[in-house]
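Student: To start, I am sharing the structure in question, which I have written as structure tokens.
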Amino acid sequence: MTEVDFYDVSFLPPSGLTYAVIAARHKGKWLFVRHNDRTTWEIAGGHIEKDESPSDAARRELNEETGAVDFNMDCVATYSVRKNGETGYGRLYFAEVPELERIPDKSEIAEVMAMDHLPENLTYPDIQPLLFMKVRDYLSGR
């Protein structure tokens, strides 16, 4: 069973943060990406590199995975995922992307799709809907 919990944006777990995930919207549609090695869709994001801040990782991942170069980004929450006895922590962001460019050649992303809603065939179906709903709740409360 997978458990996802949300915390204040300032919460920093003792083990540190591992992931930055960015729910991005472009021209009123949500951006989802498909990795080269998969047939499923996911919200942009990835690992925070050593000596990289979570927000710098989020900016880098959003650019590498969607081609976004100029965007506004808000931190929505810190989150945890507990699965198979292991817990990992990440930061969840929202980005409004006015313009997309070509995905960098070094990207592991095969395709970017803009949709009105969360796609059905998700890479992480037990996690991504909860992250997506958290961002939508955040936007409705702004």
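The values are calculated or read from the model by the stated rules, or taken from the named source; none is laboratory data. Note that the structure is a prediction, hence the values are computed from the model and not measured. All Cβ positions, glycine included, derive from the backbone under ideal geometry; neighbour counts span all protein chains shown. Surface accessibility is based on the protein's heavy atoms, side chains included, excluding ligands, DNA and RNA. Shrake-Rupley method; radii C 1.70, N 1.55, O 1.52, S 1.80 Å.
Student: What lysines could a cross-link reach from Lys50, if we take a straight Cα to Cα line under 22 Å and drop same-chain neighbours fewer than 8 places away?
Tutor: Answer for Lys50, where 22 Å is the Cα cut-off: Lys106, listed by chain and number.
Student: So what does Met115 come to for accessible area, using a 1.4 Å probe and Å² rounded to 10?
Tutor: Ignoring ligands and nucleic acids, Met115 comes out at about 30 Å².
Student: Hey, another quick one. Figure the gain on full extension for Thr18 and Val69 (residue separation times 0.36 nm, minus the Cα-Cα span) and round it to one decimal in nm.
Tutor: Numbers: separation 51, 0.36 × 51 = 18.36 nm, distance 2.31 nm.
Once the chain is fully extended between Thr18 and Val69, it gains 16.1 nm.
Student: Still on this structure: Given springs between every Cα pair under 10 Å in a Gaussian network model of the chain, which of Ser55, Ser15, Ser80 has the largest fluctuation?
Tutor: Highest fluctuation among the options: Ser15.
Student: Relative to the longest principal axis of the C-alpha atoms of the chain, give the angle of the C-alpha long axis of helix 128-140, reported between 0 and 90° and rounded to the nearest 10°.
Tutor: The angle comes out near 80 degrees.
Student: DSSP loop trypsin sites (Lys or Arg not before Pro) in region 1-102 with at most 15 other Cβ atoms within 10 Å of their Cβ, which ones?
Tutor: Numbers: sites: Arg25, Lys27, Lys29, Arg34, Arg38, Lys50, Arg59, Arg60, Arg82, Lys83, Arg91, Arg102; in loops: Lys27, Arg38, Lys50, Arg102.
Those satisfying the criteria are Lys27, Arg38, Lys50, Arg102.
Student: Taking the chain as the reference, fit the longest principal axis to its C-alpha atoms, fit the long axis of helix 54-66 to the helix C-alpha atoms, and give the angle between the two in degrees, 0 to 90, nearest 10.
Tutor: Taking the Cα atoms of the chain, the angle to 54-66 is about 30 degrees.
Student: Give me the percent relative contact order of region 37-142, please, defined on Cα pairs under 8 angstrom at least 6 residues apart.
Tutor: Contact order relative to length: 29 percent.
Student: Using heavy-atom solvent-accessible surface (probe 1.4 Å) with all chains present, what is the largest-first order of Asp56, Asp70?
Tutor: Asp70, Asp56
Student: Here is a follow-up. What length, rounded to one decimal in nm, is gained on full extension from Met133 through to Thr40, with 0.36 nm per residue of separation minus their alpha-carbon distance? Intermediate results must be reported in sequence, preceding the final value.
Tutor: Values: separation 93, 0.36 × 93 = 33.48 nm, distance 1.90 nm.
Using 0.36 nm per residue and subtracting the Cα-Cα distance, I get 31.6 nm.
Student: Ignoring ligands, DNA and RNA, what percent of the accessible area of region 95-142 is carbon or sulfur (1.4 Å)? Each step should come with its number before you reach the end.
Tutor: Working: 1530 of 3090 Å².
Carbon and sulfur atoms account for 50 percent of the accessible area of region 95-142.
Student: Rounded to whole Å, give me the distance from the Cα center of region 7-40 to that of region 75-142.
Tutor: Cα centroid to Cα centroid, the span is 4 Å.
Student: Also, I was wondering about something else. Starting from the eigenvalues of the Cα gyration tensor, five times each then square-rooted, give me the equivalent ellipsoid semi-axes of the chain, largest first, whole Å. Don't skip to the answer; put the middle values down first.
Tutor: Working: eigenvalues 93, 55, 53 Å².
That gives 22, 17, 16 Å for the three semi-axes.
Student: Calculate, for region 1-127, the solvent-accessible area per residue in square angstrom, rolling a 1.4 angstrom probe over the heavy atoms of the protein chains.
Tutor: Working: 6830 Å² over 127 residues.
Here the per-residue accessible area is 54 Å².
Student: What aspartates and glutamates does Lys83 reach when the alpha-carbon gap must be under 15 Å and sequence neighbours fewer than 8 apart in one chain are set aside?
Tutor: Glu3, Asp5, Asp126
Student: Additional query: Which Cα, out of Ile103, Thr18, Gly28, lies furthest along the positive dipole direction of the chain (beta carbon charges, K/R +1, D/E -1)?
Tutor: Checking the options against the dipole of the chain, the answer is Gly28.
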